[in-house]
Amino acid sequence: MRSALIVGTRCVGTSVALALRSAGVAVHLTDTDRHALRIAVALGAGTAEPPSGLPDVAVLAVPPDEVAPSLSRMQKSGAARSYTDVAGIKLRPQEDALRRSCDMSRYVGGHPMVDRAHAGPLAAREDLFRDCHWALTPTEAITDSRALNEVLEIVALCGATPVLVDAARHDDIVARTTQLPYLLEVLLAGRSAVRHPLADRRNRDPAHSAPVAAGSWGALLAGNAEAVLRHLKDLDADIHEAMAALESVTSTAADAERSTPALRRLHAILTRAADRPTPAPARAVGTVAVSVRDSPGELARLLADVAAAGVSVRDVAIEHGPDHVLGTADLLVAPDEAAELTAALCTRGWAAELARSAPSRPMP
């Protein structure tokens, strides 16, 4: 493989780009999020310049509902020879692509089984996919063997193990092993958050974390049946509301205009359930401003020096200079580490200084 086009530069897309670059592949990056794109380029994941020739493969590292529209648009413009994606569901994008009359012979659905789909480019790693499974869902009797082989080469260059699976089967497995547990965890978290010292897990006896015999659990539940039943009923109401929202999404899936209210209802349920009555207070943030050359690899070198200093960066903001030779990287760190990091970076030859005022934002 000589060249690839990565569409989307969050964690997964940037990690694919880094792996391909390390294997000698020419990587071109594009993203509507200009901030994420600049970070990916600065990390050395590829160039934001358009390819001069036809890339072998375009990797669509976009949300599931954007896969088919992006595939249709890119195929019409002849953006690459073959196409794949990295979305966490496979059947719906495949069906949407068929409805849009996409060339399915040149498209292979894909899903690297990692848990960083929603992280930004700073979480990207060249070895993120090493030894992980990478699901591929070629369309039976339609997918061209050359397209499949090119996508298999990407998986191999990323160090992953390909698993060919039917799209519906993939989605069933992911629903049972990942998405359902997540939904229940969110609903339960919303019910278990209580503002009281007794609810602090740090105050619990360590013995409570050990397995408890079924008989002992039975006695505990029976003795507190009224309270447990009350909360079970509340959870049951949450579950039925979530079921109704999912049924509404399913019945309107083919009609984007009618499905929008259903999606909003589902998002509202998840947001409400995830809210905590005692959110963690925002912590102060220290900011270290560092002058960097506006060229590929400089940000990666800076972050390597930060890691060598033993400091964890929470976020980074990049401001390019007017001449595009020098820019400023604002590193957001814990306030008690800002001075230490500034001194360490200056020792390593960087022009670093403490920002006069730290931005007011919570630390994750």
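Residue-wise test of (1) assigned by TED's automatic domain parsing to the domain that holds Val108; (2) more than 30 Å from Pro55 (Cβ to Cβ); (3) at pLDDT below 85; (4) in a helix (DSSP H, G or I).
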residue: Ile154; (1), (2), (3), (4): yes, no, no, yes
residue: Gly159; (1), (2), (3), (4): yes, no, no, no
residue: Ala222; (1), (2), (3), (4): no, yes, yes, yes
residue: His231; (1), (2), (3), (4): no, yes, yes, yes
residue: Leu235; (1), (2), (3), (4): no, yes, yes, yes
residue: Met243; (1), (2), (3), (4): no, yes, no, yes
Restricting attention to region 109-122, which residues are buried (at least 19 other Cβ atoms within 10 Å of the Cβ) and closer than 24 Å to Ser72 by Cβ?
Gly109, Gly110, His111, Pro112
Matching residues in region 151-162 - criterion: being more than 15 Å from Thr139 (Cβ to Cβ) and either in contact with a Cys (Cβ under 6 Å, 6 or more places away or on another chain) or touching a residue at least 60 places away in the same chain (Cβ under 8 Å) (or both)
Glu153, Ile154, Leu157, Cys158, Gly159, Ala160
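Per-residue answers, yes or no, for (1) without any contact (Cβ under 8 Å) to a residue 40 or more places away in the chain; (2) touching a Lys or Arg at 6+ places or on another chain (Cβ under 6 Å); (3) surrounded by 19 or more Cβ atoms within 10 Å (Cβ to Cβ):
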| position | (1), (2), (3) |
| --- | --- |
| Ala124 | no, no, yes |
| Asp127 | no, no, no |
| Glu140 | yes, no, no |
| Asn149 | yes, no, no |
| Leu164 | yes, no, no |
| Ala167 | no, yes, yes |
| Val174 | no, no, no |
May I ask you to list the residues in region 95-149 that are in contact with a Gly (Cβ under 7 Å, 6 or more places away or on another chain) and of a type in the set (Ser, Thr, Tyr)?
Thr137
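Take the conditions of a type in the set (Asp, Glu), in a helix (DSSP H, G or I) and at pLDDT below 70 and apply them to Glu257. Does it pass?
yes
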Let me spell it out: the conditions are (1) touching an Asp or Glu at 6+ places or on another chain (Cβ under 8 Å); (2) modelled with pLDDT of 95 or more, and Ala79 meets all of them except one. Which number is the exception?
(1)
For the condition under 23 Å from Ser3 (Cα atoms), out of contact with any strand residue (DSSP E or B) (no Cβ under 9 Å at 6 or more places or on another chain) and touching a residue at least 12 places away in the same chain (Cβ under 8 Å), what is the one hit in Gly78, Gly110, Gly53?
Gly78
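The values are calculated or read from the model by the stated rules, or taken from the named source; none is laboratory data. Not measured: the values here are computed from a predicted model. Counting neighbours? That spans all protein chains shown, and the Cβs are built from the backbone with ideal geometry, glycine included.
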